[in-house]
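Encoded as structure tokens, the structure appears first; notes follow it.
The values are calculated or read from the model by the stated rules, or taken from the named source; none is laboratory data. Values in this document were obtained by computation on a predicted structure and should not be read as measured data. Reconstructed Cβ throughout: ideal geometry from the backbone, glycine too, with neighbour counts over all protein chains shown. With ligands, DNA and RNA removed, areas are computed over all heavy atoms of the protein, side chains included. Shrake-Rupley method; radii C 1.70, N 1.55, O 1.52, S 1.80 Å.
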Amino acid sequence: MEYGIFTVGDVTTDPTTGITPTENERIKATVAIAVKAEEVGLDVFATGEHHNPPFAAPANPPVLLAHIAAKTERIKLSTSTTLITTNDPVRIAQDYAYLQHLADGRMDLMLGRGNTGPVYPWFGKDIREGIPLAVENYALLHRLWREENVDWQGKFRTPLQGFTSTPRPLDDKPPFVWHGSIRSPEIAEQAAYYGDGFFSNHIFWPASHTARMVALYRQRFEHYGHGKAEDAIVGLGGQVYMARNSQDAVKEFRPYFDSAPVYGHGPSLEDFMEQTPLTVGSPQQVVERTLSFKEYAGDYQRQLFLVDHAGLPLDKVLHQLDLLGEVVAELRKHDKPATPVVEPVETA
């Protein structure tokens, strides 16, 4: 099991102080957070990709991750997500192979469609073509990392003739790919078809929804001959805020939750904690809640937490990472295979 954190890189005013970090401060803080994540013993640091306010840190994930690679030694670097719909797959192939070399192989990437509609026309794409773009672009990316002379003709980009993407993947081993999704069964199907990992974002929807998506992926993974359903490669997201005392955690986090661009101005904090994996409380409560995910997702391979959003200042985030290091040390004691939950799923 791998444990880590992911960031959405939002630049948000701290509601308790009225201070808004500059883009420069937020970007530099993201680097400090990644370095701290390695220091406390986490396995993975992942960054999202956004191209619009209020997001700054993840506009160009390969640049950020290459910089972090130079400042770290062990932690695996990933994305959450790389936009397979609006990025040219040729560019993705080259950028992330280059990162793979700079990071000496300690990287992978998660592909997704993104959740910001205006991004599509900014990059000359149509949001109504989101799923077909994801399918076609990944089919090309998959080949670019495995073939040296690619002939290609599709719907969404100019044809290629005898094209070789450079640099080639490190040691001719393409980066491992996760397909990330909140609600699209087509993406679970895509992950299963290629035998890649499936990452359920797991932060906005109830457990029942996540269970159905993971079960579908597991069934289709087995259908395509990659192994048994329990061999399928699953990752989950999550959100936490901790204090030694659970009441203090709720009191401290409430103003951040209420104003968060990710989920503020909607259901109450209490409702959100009840209906989604958001856990605000003591480290032990986070341990118990995280362990419960296996009850509906089965044994899985990667757990990422969101800890640095909603205007939380850097000092608070670094403290959260200290606590998360303790949580992960406890979770590792329970890292035993669980029986996958594979229920019948309608695929029509």
Output the 0 to 90 degree angle, nearest 10, between the alpha-carbon long axis of helix 89-102 and the longest principal axis computed from the alpha carbons of the chain. 60
Testing the spin-label approximation: label points 7 Å from Cα along Cα→Cβ at E39 and R289. State their distance in nm. 2.5
From the cross-link list K228/K294; K251/K316; K71/K333; K294/K316; K125/K155; K76/K173, which pairs have alpha carbons spaced over 19 Å apart? K71/K333; K294/K316
For mean projected area of the Cα convex hull in nm², with candidates [x] 16.9; [y] 19.1; [z] 24.8, the value calculated from the shown model is option [x]
Fraction of alpha-carbon pairs over 22 Å apart in region 54-153 - percent: 34
So for R0 = 30 Å, FRET eff. of D126-Y194 from the Cβ-Cβ r, to 0.05, ends up at 0.75
Antiparallel %, DSSP beta bridges [both residues in the chain], to 5: 10
Treating the angle as unsigned and between 0 and 90°, give the value, to the nearest 10°, between the Cα long axis of helix 130-144 and the longest Cα principal axis of the chain. 60
Taking region 228-341, how much of its Cα-Cα pair set, in percent, is spaced more than 18 angstrom apart? 51
In nanometres, the difference between 0.36 nm per residue of separation and the alpha-carbon distance of N60 and H209 is 50.6 nm
Taking R0 as 22 Å, what's the FRET efficiency between D248 and D315 from their Cβ-Cβ distance, rounded to 0.05? 0.85
Could you compute how much accessible surface S268 exposes when probed at 1.4 Å, giving the result in Å² to the nearest 10? 50
Take D271 and D231, extend 7 Å from each Cα along the Cα→Cβ direction, and tell me the distance between the two endpoints in nm. 4.5
With DSSP loop assignment and no more than 15 other C-beta atoms within 10 Å, the trypsin sites (Lys or Arg not before Pro) in region 25-79 are R74
Rounded tilt (10° steps) of 185-194 against the dominant C-alpha axis of the chain: 60
At 0.36 nm per residue, and after removing the present C-alpha to C-alpha distance, how many nm does the segment from R183 to T158 gain when stretched out fully? 6.0 nm
Extension length gain for A32 and K333 (0.36 nm per residue less Cα distance), in nm, is 105.6 nm
